[in-house]
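S.K.: For reference, the structure I am asking about is given below.
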Amino acid sequence: MFVGLKMLKDTPTIGPETLVVEADRIMEENRLWMLMVLTNGKLTGYVTREDVRAALPSPATTLSRHELNYLLDELTVKDVVKGNPPCVSPEMEIERAAQIMHEQNLAGLAVVDANQRFLGYISRSVMLDVLVEEMGLNQSGSRICIEVEDKSGVMASVTRLLADMGVNIIATATFYHATARMLVFRIGVEEPEKVVSALKQEGYRVLGPKDVAREWGCC
């Protein structure tokens, strides 16, 4: 999956001449942590909610109403904008973008083309949607988790067994915990008992919550 296929294309943006109070309103209404600043369609910077709130007068200000209105009418985004916004290309793999967000503790990434033209935005909510979709949670069926050896051909062996049983594989994923490798399948079977039994007969260890409860302090 590529970033360009999952990015938000209608995310609000602002320009350097946008009033800071207007930027604050846009972020509040759209529940955004930051806004991208565009100049002639190209990404030139960004502002965060913290930057905007810090720039606005405090409710305890001693300014007169006239002075306050004058300040709000003069204070624009160009006064608080930050350069070098975190961005990625639409061709980037979605998991790589997620890794960047995780490692740099980012709420989102701008998506731009080779000419810095703004295309869209990837947020944490988008990443969670991708995870749900990748695991096939919105489709019918059931989920099975198998602990396997970390060696070549294991995935092929399991999928072959499922295919021989006529079981449709909706989604697959691989997770690692300590030294264990776990294969997770969402299959098109509402009652997976026969599938689980067949896997166990072939020597696979099928895991349920009780099998790993010790990891979260339960016996």
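Here, each number is a calculation from the coordinates, and none is a lab measurement. Just so it is clear, the structure is predicted and the values come from calculations on it, not from any experiment. A quick note on method: Cβ atoms are made from the backbone with ideal geometry, for glycine too, and the neighbour counts reach across all protein chains shown.
S.K.: Using every Cα-Cα pair within the stretch 94-134, state what percent have a distance larger than 13 Å. Could the numbers behind the result be given before it?
M.R.: Numbers: 447 of 820 pairs.
Tail of the P(r) past 13 Å holds 55 percent of the pairs.
S.K.: Sort 43-53, 132-142 by the packing proxy (mean of other Cβ within 10 Å over each peptide's residues), most packed first. Could you put the intermediate results ahead of the total?
M.R.: On the way: 43-53: 18.5, 132-142: 14.1.
The most tightly packed comes first, giving 43-53, 132-142.
S.K.: Can you give the relative contact order of the chain as a percent, counting alpha carbon pairs under 8 Å and 6+ residues apart? Could the numbers behind the result be given before it?
M.R.: On the way: 322 pairs, mean separation 39.6, N = 219.
Once normalised by length, the contact order is 18 percent.
S.K.: So what's the chain giving for Cα Rg divided by 2.2 N^0.38 Å, two decimals?
M.R.: Working: Rg = 24.7 Å, N = 219, 2.2 N^0.38 = 17.1 Å.
Normalised Rg, Cα atoms only: 1.45.
S.K.: Still on this structure, I have one more. Take the alpha carbon atoms of the stretch 78-174, find their radius of gyration, then divide it by 2.2 N^0.38 Å using N residues; give the quotient.
M.R.: Ratio of Cα Rg to 2.2 N^0.38 Å: 1.52.
S.K.: Here's a follow-up. Modelled label-to-label distance, GLN139 and VAL154, 7 Å Cα→beta-carbon offset: nm?
M.R.: About 2.3 nm, to one decimal.
S.K.: Given points 7 Å out from each Cα along the Cα-Cβ axis, report the GLU29 to TRP216 separation in nanometres with one decimal.
M.R.: The two pseudo-label positions are separated by 4.0 nm.
S.K.: What does the convex hull of the Cα atoms of the stretch 170-219 come to per residue, in Å³, rounded to a whole number? Walk me through the numbers before you get to the answer.
M.R.: On the way: hull volume 5.3 nm³, N = 50.
Here the figure is 106 Å³ per residue.
S.K.: Continuing with the same structure: How much FRET efficiency would the formula 1/(1 + (r/R0)^6) give for THR174 and GLU17, where r is the Cβ-Cβ distance and R0 is 45 Å, rounded to 0.05? Don't jump to the answer; show the numbers that get you there.
M.R.: Numbers: r = 49 Å, r/R0 = 1.09.
Calculated transfer efficiency: 0.35.
S.K.: Could you give P(r) for the stretch 3-132, binned at 5 Å from zero, as whole percent values over all Cα-Cα pairs?
M.R.: Spelled out bin by bin, the stretch 3-132 gives 2, 10, 20, 21, 18, 12, 7, 5, 3, 2, 0 percent.
S.K.: Right, here's the next one. Which pairs, out of LYS6/LYS151; LYS9/LYS82; LYS6/LYS194; LYS6/LYS210, put more than 25 Å between their alpha-carbon atoms?
M.R.: Values: LYS6/LYS151 32 Å; LYS9/LYS82 22 Å; LYS6/LYS194 36 Å; LYS6/LYS210 36 Å.
Beyond 25 Å: LYS6/LYS151; LYS6/LYS194; LYS6/LYS210.
S.K.: When only alpha-carbon atoms count, how far does the stretch 115-219 stretch along each of its three principal axes, as whole angstroms with the largest first?
M.R.: Largest first, the stretch 115-219 extends 56, 37, 29 Å along its Cα principal axes.
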